[in-house]
Amino acid sequence: MKLNKIFAAFMLIAAVAFSACTTNNPPVGPGPGTGNNPGGNNPGGGNGSSTDQGTLESPFTADDVITLNGSKTGTYYVEAYIVGQIAGKSLTDNAEFTAPFSGSTNDDGSVNPYNTNLLIASAAGVTDVAKCVPVQLPSGALRSGLNLVENPDMLGQKILIYGSLEKYFGAPGIKSPTYAKVGEKTFGLDPEVEVTEPTATPATVKDFNAAAVDPTVYYELTGTIANLANTTYGNFDLIDETGSVFVYGLTAKFIPMSGDKAVNDKSFSTLGLNDGDKVTIRGTRGAYGEKIEVLGAYFVELVSKGEGGNTGNNPGGNDNPGGNTGGTTPEGAIVFDADTDKGNAGTDSNNAAAYTITKNGVTITVSSGILGVYNNESHYRIYKNQTLTVTSTAGNIASIEFTCTADGDAKYGPGCFTASTGDYGHNGGAVGTWTGSASEVVFTASANQVRASQIAVVVE
């Protein structure tokens with residue numbers, strides 16, 4: 001089997017991960033370099049800086065990140081001291097600087113034996129939040145090795161971290177880090193180290209489905225794409241003569257798993273794939289509850305082109321978006337994408353609240369929920385027995401389409417909604433569709449919590 005070698009530096013600059021945590025993860029811009037030289041000779045990456053800061057040789061300080069205040073985007077090195085963590089939703093109200101440190105809280109109120117963030121500063125012992133930079137800890141080696149609940153000895157240590165400069169907890173922060181070093185200990189994938197694509201065992205879908213869950217074992221599958229539901233990350237069913245399996249994201253090239261979590265760089269759209277295309281992919285056997293999934297999947301070969309016909313936002317060429325058989329977005333829809341349209345939604349499940357998002361005369365109001373993330377894919381969470389109300393001042397609403405993170409009547413799927421008026425339903429997939437004519441429609445998460453990555457509204 002031919003092995004393709006990729007350099008981790010290039011991969012890490014491109015990847016912004018399906019790593020899960022408390023917040024959404026928008027695309028990361030150009031990093032400080034390319035190829036196997038992440039430092040590069042032009043670390044500004046076209047983002048307005050002429051200095052060599054942000055490289056391995058000259059990393060940013062926490063003070064630098066605060067001063068930049070979002071004016072520079074991309075993936076960079078930052079060196080600072082670990083001074084604390086945030087134990088809730090608010091940087092100003094929930095910062096902790098001394099042990100014992102508090103674990104993060106789940107949706108059901110249970111408390112984890114770990115937390116999902118750090119606070120760093122340019123000097124050890126800083127307790128002024130205005131001088132601190134919040135750092136996201138994605139699941140995997142960075143979270144398990146650095147979170148202060150499980151690793152209180154990390155407090156006060158100098159850390160070198162490689163991640164994306166983004167707003168976090170409403171302040172200049174670092175999100176989706178992929179590598180860190182504390183003393184002689186390293187966590188994650190070193191951008192300076194070459195990564196080799198793993199070997200993969202050829203398998204039918206039936207054999208894959210029967211295999212044990214294992215994020216370290218890769219399989220090679222060949223089948224036809226169906227029910228393409230997300231063209232950003234590449235979510236679809238793969239079908240061969242032995243059965244069907246759900247592919248939870250497909251990337252253009254191999255990106256190593258982060259523990260048992262997949263990392264996705266949103267490169268699927270560059271492949272030009274549609275429903276009906278026959279492809280060869282590789283990935284690991286995963287599961288989400290009872291649902292079997294291909295995780296960490298990456299593209300190998302286009303075997304044959306189908307007749308899906310990708311035209312704009314209609315990748316499947318299917319006229320029945322509600323059936324989740326084409327992953328379509330209605331023509332002329334006002335699309336609310338959880339990666340980019342965030343409104344005033346919070347990101348901490350400890351402090352769920354009402355939030356509102358308005359776009360082109362259409363307003364979405366959630367009575368209680370957050371903007372959540374699973375495997376680095378953002379989604380609108382509407383908690384059980386809470387409501388999502390869609391109102392329009394631009395004309396009556398003709399249709400609403402929800403693309404959810406689960407199928408049918410399963411938890412988080414479109415079948416958990418009931419509508420106040422009009423016709424609403426689904427055909428067992430991840431997409432639910434409402435049709436009618438109203439200036440306001442109220443959806444109640446009556447059966448269970450709903451998680452929608454996209455909401456498309458068509459106005460008459």
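Quick notes on this one:
- Residues (closer than 16 Å to residue 355 by Cβ and part of a loop (DSSP other than H, G, I, E, B)) located in segment 368-411: 370, 383, 386
- Subset of segment 305-356 that is assigned to a strand (DSSP E or B) and touching a Ser or Thr at 6+ places or on another chain (Cβ under 7 Å) - its residue that is modelled with the highest pLDDT: 356
- Segment 117-143, subset polar (S, T, N, Q) and surrounded by fewer than 24 Cβ atoms within 10 Å (Cβ to Cβ), residue farthest from residue 64 (Cα to Cα): 139
- Within the option set 167, 206, 175, being more than 21 Å from residue 254 (Cα to Cα) and more than 24 Å from the chain's Cα centre (by Cα) holds for one residue only, 206.
- Top-ranked residue in segment 357-392 [being β-branched (Val, Ile, Thr) and without any contact (Cβ under 8 Å) to a residue 40 or more places away in the chain; ranked as surrounded by the fewest Cβ atoms within 10 Å (Cβ to Cβ)]: 358
- For the criterion of being buried (at least 19 other Cβ atoms within 10 Å of the Cβ), closer than 23 Å to residue 347 by Cα, in contact with a Pro (Cβ under 6 Å, 6 or more places away or on another chain) and modelled with pLDDT of 90 or more, residue 443 fails.
- All positions within segment 207-238 that are within 15 Å of residue 279 (Cβ to Cβ), surrounded by fewer than 18 Cβ atoms within 10 Å (Cβ to Cβ) and among the acidic types (Asp, Glu): 220
- Options 382, 455; residue that is within 23 Å of the chain's Cα centre (by Cα) and more than 25 Å from residue 237 (Cβ to Cβ): 382
- Selection status of residue 266, under 24 Å from residue 137 (Cα atoms), among the basic types (Lys, Arg) and either surrounded by 21 or more Cβ atoms within 10 Å (Cβ to Cβ) or in contact with a Ser or Thr (Cβ under 6 Å, 6 or more places away or on another chain) (or both): yes
- In segment 187-233, the residues that are acidic (Asp, Glu) and over 22 Å from residue 270 (Cα atoms): 190, 192, 194, 207, 214
- Subset of segment 163-196 [out of contact with any helix residue (DSSP H, G or I) (no Cβ under 9 Å at 6 or more places or on another chain), part of a loop (DSSP other than H, G, I, E, B) and of a type in the set (D, E, K, R)]: 184
- Residue within segment 254-261 that is part of a loop (DSSP other than H, G, I, E, B), aromatic (Phe, Trp, Tyr) and either under 29 Å from residue 383 (Cα atoms) or at pLDDT 90 or above (or both) present: yes
A quick yes/no check of all residues on (1) within 25 Å of the chain's Cα centre (by Cα); (2) on the phi > 0 side of the Ramachandran plot; (3) aromatic (Phe, Trp, Tyr):
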site	(1), (2), (3)
210	no, no, no
219	yes, no, yes
226	yes, no, no
234	yes, yes, no
244	yes, no, no
250	yes, no, no
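The values are calculated or read from the model by the stated rules, or taken from the named source; none is laboratory data. Quick caveat: nothing in here was measured; it's all calculated off a predicted structure. Backbone-built Cβ (ideal geometry, glycine too); neighbour counts: all protein chains shown.
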